[in-house]
Every structure is written in C-alpha cells, then in structure tokens.
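Scroll down for the structure; my scribbles are underneath it.
The values are calculated or read from the model by the stated rules, or taken from the named source; none is laboratory data. These numbers were taken from a predicted model, which means no experiment stands behind them. Glycine gets a Cβ as well: all are built from the backbone with ideal geometry, and neighbour counts include every protein chain shown.
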Amino acid sequence: MHVQSAGVCYEADAARPDGAAAPLISARGLGHAYGAFPVLRELRLDVAPGEFLAVVGPSGCGKSTLLALLAGTRQPTSGSLQRRAATRMVYQQDGLFPWLTTAENIALGLDARAEPASRARCLDEMLELIRLADFRDHYPHQLSGGMRRRVELARVLAGPSDLLLMDEPFSALDYQTRRRMHRELQSMLASYPRAVVLVTHDIEEAALLADRILLLSDRPATVRSEFHLPRGRARAIGDSDVLEVVARIHADLAL
C-alpha cells in the first residue's frame, strides 16, 4: 500500500517481489530548487536496510537540503522519492532540552506505547551503553560536549526507527572528541542497529564510518562519484582502504 504526495511515496510494505528487502530510501531524478535557484538535480539514491551511507561534497552544494528531503521536512521539486522507513534526525547542534536531566532527555525518545517497566529498562540500558548512568540527574549545561552528543544519540536510538539521518553531528567537537565519538557511534549501532545517512564535510570521518560514500558535485548537485568500503568492521585512520578512499575523494574534489 502507498500514498503519493508531492513527489514522495510512503510505502507500508517494504518487501520486493523477489523476497529481498527493499531499499528504505529510493530517489530517482531527484531535484530541488529554491524558487529559480536549483540546488539538486537528477539525483539517484538508494539506502539499504542496515547500510551506513555518507554524503560528502563541496561546501554549499546541497548536502543538508538532501537530508531534509530524506527526512520529509522539504519536498522535491522534481523527480521521485520513496521512503519506507521511520526516521530520526541528529542535527549539528544537539537538541537537548536544558531544563531536563540526562535521563529525562533520553526518555523523550522512548516508545510511548511501551509499558512503563519496559521504558524504565530501556532507559537504564541506554544510560549504561553511553556510560552516563552516574550523570542521569545532570542537566545539559553540566555535561561536556561529547557527553551531550552521547545523550543525543541515545535519545534517537532509544526509540523505534529504521533510519538515522545525521547532519554534521560531530562538527562542533575537537579532533580527539570527534574520533572518540566515532567509536561511540559504532558501539551504539552494534547494540541498536539501523541504517544511517551521514552528511559531513570531514572526509576522514566518512571513510572511517561509512560502508558507502557518495561525493556530490558542485551546485546544482548530483552524484559525482561513489566509493565502497568493507562492511562490518571498525576502521582506523591509517588503514590502507581508508587512506585510499580519502585520497581518491581529495583528488576528485581538486578537479
């Protein structure tokens, strides 16, 4: 069953005729313009269940606009976009409520339909997972930047969703904290798996985390290049496949 609206099709059944899992996101000829100002054009994109996809490209090329289209907060002006996933979003600046404690902020992401005892167990598990059980009653201003990011990730991962959309989530952190957060994210996704689309300016970050990287062209942007990395394992910045992909992306951007 599906409902078509403004170029976007929402489907309740994600099964394909051959029995394989259908993509959570399918975009064909996707375009978006702000009035007469085109930002994205003829973009083709699929996101598979459980996949970690990173999107990189020149500054101002439309990466955040693409993420807004995938989230449904903006509508395409051309092409088609099918979403078969419940999504949650992580923005550049954390969305923690300053008047709520760590535990209360995470609890906002829990499934409201669950029994109270189940919600309490899940909340305790998330606090243990992010190693902030001792900070459950602290307020955001009492936490470091890395701690706040962990609380934000716990909140979006605690509830039901198939797809996590991330818009430069670690850009405000220093280098060491950012790399530590990469390991935190990998650990959290191992415990609470789902697909991820990450928009980032950090090419090393994309190569460390993603299974697949899309490089967008200058505006109006389309997919310029695609890069694949081994799935299912943690990577280090000195790994040969990471260094190779980073070098290839830098070479493409220099053209």
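Determine, yes or no, whether GLY62 is touching a Leu at 6+ places or on another chain (Cβ under 6 Å) and on the phi > 0 side of the Ramachandran plot. Yes. Taking the conditions exactly as written (surrounded by fewer than 18 Cβ atoms within 10 Å (Cβ to Cβ), at pLDDT 85 or above and aliphatic (A, V, I, L, M)), does ALA190 satisfy them or not? Considered against the rule, which asks whether it is surrounded by fewer than 18 Cβ atoms within 10 Å (Cβ to Cβ), at pLDDT 85 or above and aliphatic (A, V, I, L, M), ALA190 comes out as yes. Pull up the stretch 220-255, narrow it to residues that are among the charged types (D, E, K, R) and out of contact with any Leu (no Cβ under 8 Å at 6 or more places or on another chain), then point me to the one that is surrounded by the fewest Cβ atoms within 10 Å (Cβ to Cβ). My answer is ARG233. In this structure, does ARG155 turn out to be in contact with a Gly (Cβ under 6 Å, 6 or more places away or on another chain) and either without any contact (Cβ under 8 Å) to a residue 60 or more places away in the chain or not polar (S, T, N, Q) (or both)? Judged against the criteria, ARG155 is a match. For the stretch 80-114, a residue qualifies if it is over 30 Å from ALA27 (Cα atoms) and of a type in the set (Asp, Glu), and exactly one does: GLU104. Could you list, in sequence order, the residues of the stretch 161-186 that are among the acidic types (Asp, Glu), surrounded by 17 or more Cβ atoms within 10 Å (Cβ to Cβ) and in contact with a helix residue (DSSP H, G or I) (Cβ under 9 Å, 6 or more places away or on another chain)? Scanning the stretch 161-186 gives ASP167, GLU168, GLU184.
For (1) over 30 Å from GLY29 (Cβ atoms); (2) modelled with pLDDT under 90; (3) not assigned by TED's automatic domain parsing to the domain that holds LEU198, each residue gets a yes or a no:
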| position | (1), (2), (3) |
| --- | --- |
| GLU42 | no, no, no |
| LEU45 | no, no, no |
| GLU51 | no, no, no |
| VAL56 | no, no, no |
| ALA68 | no, no, no |
| PRO116 | yes, yes, yes |
| LEU129 | yes, yes, yes |
| HIS138 | yes, no, yes |
| GLN142 | yes, no, yes |
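One residue stands out among those in the stretch 95-114 that are at pLDDT 90 or above and farther than 22 Å from SER187 by Cα: the one that is surrounded by the most Cβ atoms within 10 Å (Cβ to Cβ), which is THR101.
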